[in-house]
Amino acid sequence: MPFDDEVSDDGVQVHAYRASWAAEGAALAGTLNELVSTAAAVEHIGSTSVPGMAAKDCLDMMVLVHDLRDSGAAQALGSAGYRRRPEPWNNVEQAYGRDWQKMVFAPPVGARTMNLHVRVTPSGPERLSLLFRDHLRARPDRAAEWALFKMRAAESAADLAAYGQLKAPAWRLLMQLAEAWATETEWVPRG
């Protein structure tokens, strides 16, 4: 759920690919790596991390830590102005038949639009995030299909919640294809 400063009356906007997303993601990864000194890795994930793919102009970043409580990530990010998203679904997510603890942060007020996921490594959500990105990077045809679907969903959705509901079943199908691709190519996360 967006904070008040993140709310827009423009509805859901899916934009043509912007080459600047890759550079912004890399710069942000460097900043986050410095902020969270215990990070095992920082990854640019989501649609903006896939070259050529249309997306909402919102970077998805993932900070991987070995332990959520002992990492100091919440304190470091909070001190830098990042705001923890309080909703239950931003504290636990399901992957591969089990629940995984996580934290999601919004950017500081006035900063670049983003979602910052702090996850444990190794974990199911880490694997799914990297699989989504790497699969679509390797399969531009599927990235183009996913982008077209997202553009059509954005045209139909009244708001971000409706957009998410439209995407959810299609995302599950996309990830079935990604899992088959992972098996065929012997893909491993960050391998």
_Odd one out for Val118, checked against (1) out of contact with any helix residue (DSSP H, G or I) (no Cβ under 8 Å at 6 or more places or on another chain); (2) among the hydrophobic types (A, V, I, L, M, F, W, C); (3) within 17 Å of Ala41 (Cβ to Cβ)_ = (1)
*Those residues that are touching a Ser or Thr at 6+ places or on another chain (Cβ under 9 Å) and either at pLDDT below 95 or not acidic (Asp, Glu) (or both), I need them from the stretch 13-36; list them, please.*
Val14, Tyr17, Arg18, Trp21, Ala22, Gly25, Leu35, Val36
*Return yes or no: is Leu148 surrounded by fewer than 16 Cβ atoms within 10 Å (Cβ to Cβ) and of a type in the set (A, V, I, L, M, F, W, C)?*
yes
*If we scan the stretch 21-33, do we find a residue that is hydroxyl-bearing (Ser, Thr, Tyr), buried (at least 16 other Cβ atoms within 10 Å of the Cβ) and closer than 16 Å to Val118 by Cα?*
no
*Residues of the stretch 131-145 being within 18 Å of the chain's Cα centre (by Cα) and open to solvent by 70 Å² or more (accessible area, probe 1.4 Å), which ones?*
Arg137
*asked:* So Leu32 passes all but one of these: (1) in contact with a strand residue (DSSP E or B) (Cβ under 6 Å, 6 or more places away or on another chain); (2) not in a helix (DSSP H, G or I). Which condition number does it fail?
replied: (2)
*Odd one out for Asn90 among (1) at pLDDT 95 or above; (2) touching a strand residue (DSSP E or B) at 6+ places or on another chain (Cβ under 8 Å); (3) not small (Gly, Ala, Ser)*: (1)
*State all residues of the stretch 72-87 that are touching a strand residue (DSSP E or B) at 6+ places or on another chain (Cβ under 9 Å) and touching a residue at least 40 places away in the same chain (Cβ under 8 Å); if no residue qualifies, say none.*
Ala73, Ala74, Leu77, Arg83, Arg85, Glu87
*Does the stretch 113-126 contain at least one residue that is part of a helix (DSSP H, G or I), surrounded by 17 or more Cβ atoms within 10 Å (Cβ to Cβ) and in contact (Cβ under 8 Å) with a residue 60 or more places away in the chain?*
yes
*Find all pairs meeting these conditions: Cβ atoms under 7 angstrom apart; at least six residues apart or on different chains; first residue within the stretch 20-41 and without any contact (Cβ under 8 Å) to a residue 40 or more places away in the chain and closer than 18 Å to His66 by Cβ; second residue open to solvent by 70 Å² or more (accessible area, probe 1.4 Å) and assigned to a helix (DSSP H, G or I).*
Ala39/Asn33
_So, restricting to strands (runs of 3 or more DSSP E) that lie completely within the stretch 48-109, which ones have at least 1 residues that are crowded, with 22+ Cβ neighbours inside 10 Å and out of contact with any Phe, Trp or Tyr (no Cβ under 6 Å at 6 or more places or on another chain)?_
59-65
*Please identify the pairs in which a residue from the stretch 132-153 that is within 14 Å of Ala170 (Cα to Cα) has its Cβ atom under 9 Å from the Cβ atom of a residue that is assigned to a helix (DSSP H, G or I) and among the basic types (Lys, Arg), counting only partners at least 6 apart or on another chain.*
Ala143/Arg137; Phe149/Lys167; Lys150/Lys167; Ala153/Lys167
*Looking only at the stretch 157-191, count how many residues are open to solvent by less than 90 Å² (accessible area, probe 1.4 Å), over 18 Å from the mean Cα position of the chain (by Cα) and of a type in the set (Ser, Thr, Tyr).*
1
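The values are calculated or read from the model by the stated rules, or taken from the named source; none is laboratory data. Please read all numbers here as calculations on a predicted model, not as lab measurements. In this analysis, Cβ positions are derived from the backbone assuming ideal geometry, glycine residues included, and neighbour counts consider all displayed protein chains. Heavy atoms of the whole protein, side chains included, go into the accessibility calculation; ligands, DNA and RNA do not. Shrake-Rupley method; radii C 1.70, N 1.55, O 1.52, S 1.80 Å.
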